[in-house]
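Asks: Here it is, the structure, as structure tokens.
Quick note: the coordinates plus some simple rules give every number you see, no bench work behind them. Since the structure is predicted, the reported quantities are computational estimates derived from the model, not experimental observations. Positions of Cβ are generated from backbone atoms using ideal geometry, with glycine treated the same way; all protein chains shown enter the neighbour counts.
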Amino acid sequence: MSSLLEVKNLKVHFPVKPGLFSRVHEFVKAVDDVSFSIEPGETLGLVGESGCGKTTLGRAIVRLVEPTSGSVLLNGEDITRMSGSELRARRRKFQMIFQDPYGSLNPRMTVEQIVGEALDIHQLTDSKSARQKRIAELLNAVGLDTVYAQRYPHEFSGGQRQRIGIARALAVEPELIICDEPVSALDVSVQAQIINLLQDLQQQRGIAYLFIAHDLAVIEHISRRVMVMYLGKIVETAEAKALIRTPQHPYTQALISAIPEVDPETKRKRIILPGDVPSPIHPPSGCPFHPRCPIAEARCKTDVPPLREISSSHRAACHLAKQY
């Protein structure tokens, strides 16, 4: 099976200017040489601390942020090379669900206008009645009554607003949806409802997801494969269950140790990482994690570890990771 999405050596570096008219001397390396692929109908999880570059990566894939270099291939076509008109035509194939259900909807537009806007832009309906019927279908698909069509975003709860955002993304029948922490701003009970909705829609429509989150428990539940990101780089990738069961990178081990245990009899040793995440302007030499790593050796400070194979479907960027 050929990949739906292929990201190759993607970099997003933001220039830093000390003053308005100053020259650029430094760059924030938000995304630094990231490569991965997503198969049709698959959910790939992306996890990491706040500020590690997850959201920037998601936005760069859909060209809301312009990549510095690298390529993003959707069905073999490089999105990064497309002009405005070409990109606009391809946007039907990929959509994004945003983290903030309060800020991602236009407060001056009704639900019908929000969901119907994409139908109008891509000319997907040929009459007013067909447009209204399609909007009703989309609202029903995400569990909202059609009587809500004439209401405004402020009249809804956070979970309902996120459902509206999902309906908007579904309007153009995309093959890929970038989910940028879509449940982090919601209550726990509502989080489960939205995740179940996304899984149901995937089964019905065959949509692929890049699911971005900082909560590994959520990522494990919804994803088939998981990537762990640290300081703009992918440091580990594996099948979801294998990653939780046998994490190889010390950073992943620390993230997993923070997952609360359901069974009070089971006690997981908590790993507390010293210090803060280094600046992406001046990342550490060698392994970017070595200043905080509890098992770092001398070579970790000088040699950049490649993302190497640990098993057939497990890769880790750590000199000390062992094959199994």
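Asks: What length, rounded to one decimal in nm, is gained on full extension from His154 through to Arg23, with 0.36 nm per residue of separation minus their alpha-carbon distance?
Replies: Numbers: separation 131, 0.36 × 131 = 47.16 nm, distance 4.37 nm.
Taking His154 through Arg23 to full extension adds about 42.8 nm, to one decimal.
Asks: Report D for the chain in µm² per second (integer): Stokes-Einstein, Kirkwood Rh on Cα pairs, 10 °C, 1.306 mPa s. Before the final figure, lay out each step's value.
Replies: Details: Rh = 21.1 Å.
Rounded to a whole number, D works out at 75 µm²/s.
Asks: Sorted from largest down, what three extents in whole angstroms do the Cα atoms of the stretch 142-262 have along their principal axes?
Replies: 51, 29, 27 Å, listed from the longest principal axis down.
Asks: Give the total of Lys-Lys pairs in the chain with Cα-Cα distances below 17 Å; include a pair only if its members are 8 or more places apart or on different chains.
Replies: The number of close lysine pairs in the chain is 11.
Asks: A further question follows. Summarise the long-distance tail of P(r) for the stretch 222-324 by giving the % of C-alpha pairs beyond 17 Å. Walk me through the intermediate numbers first.
Replies: Numbers: 2823 of 5253 pairs.
Counting every Cα pair in the stretch 222-324, those more than 17 Å apart make up 54 percent.
Asks: Could you tell me the center-to-center distance, by alpha carbons, between the stretch 187-237 and the stretch 1-57 in angstrom?
Replies: That distance is 18 Å.
Asks: Also, I was wondering about something else. ³J(HN,Hα) across the stretch 285-290 via Karplus (A = 6.51, B = -1.76, C = 1.60, θ = phi - 60°), whole Hz, x for Gly/Pro?
Replies: With coefficients 6.51, -1.76 and 1.60, one gets 6, x, 6, x, 8, 4 Hz.
Asks: So how much slack lies between Glu66 and Lys322, counting 0.36 nm per residue of separation and subtracting their Cα-Cα distance, in nm? It would help to have the intermediate numbers written out before the result.
Replies: On the way: separation 256, 0.36 × 256 = 92.16 nm, distance 3.68 nm.
Answer, rounded to one decimal: 88.5 nm.
Asks: Turning to a different aspect of this structure: Working from the alpha-carbon coordinates of the stretch 1-156, get Rg over Rh, Rh being the Kirkwood radius. Provide the component values of the computation, followed by the final result.
Replies: On the way: Rg = 19.0 Å, Rh = 18.4 Å.
Ratio of gyration radius to Kirkwood radius: 1.03.
Asks: A further question follows. Under a plain spin-label model, where a point goes 7 Å from the Cα along Cα-to-Cβ, how far apart in nm are Ser184 and Asn9?
Replies: 3.0 nm
Asks: Which trypsin sites (Lys or Arg not before Pro) from the stretch 218-300 combine a DSSP loop assignment with at most 11 other Cβ atoms within 10 Å?
Replies: Details: sites: Arg224, Arg225, Lys233, Lys241, Arg245, Lys267, Arg268, Lys269, Arg270, Arg292, Arg299; in loops: Arg224, Lys267, Arg268, Lys269, Arg270.
Sparse-neighbourhood loop trypsin sites (Lys or Arg not before Pro): Lys267, Arg268, Lys269, Arg270.
Asks: Now, a different point. Which length gain, in nm to one decimal place, applies between Met109 and Val304 when the Cα-Cα distance is subtracted from 0.36 nm times their residue separation? Please list the in-between numbers first.
Replies: Working: separation 195, 0.36 × 195 = 70.20 nm, distance 4.98 nm.
That pair, Met109 and Val304, stretches by 65.2 nm at full extension.
Asks: Assign unit charges at the C-beta atoms only (+1 for Lys and Arg, -1 for Asp and Glu), then state the dipole size of the chain relative to its Cα centre in Debye, rounded to the nearest 20.
Replies: Numbers: 39 positive and 36 negative charges, 103 e Å.
Dipole size: approximately 500 debye.
Asks: Still on this structure: Of Tyr230, Gln113, Asn140, whose Cα points farthest to the positive end of the dipole of the chain (charges on the beta-carbon: +1 Lys, Arg; -1 Asp, Glu; origin at the Cα centre)?
Replies: Working it through, the farthest residue towards the positive pole turns out to be Tyr230.
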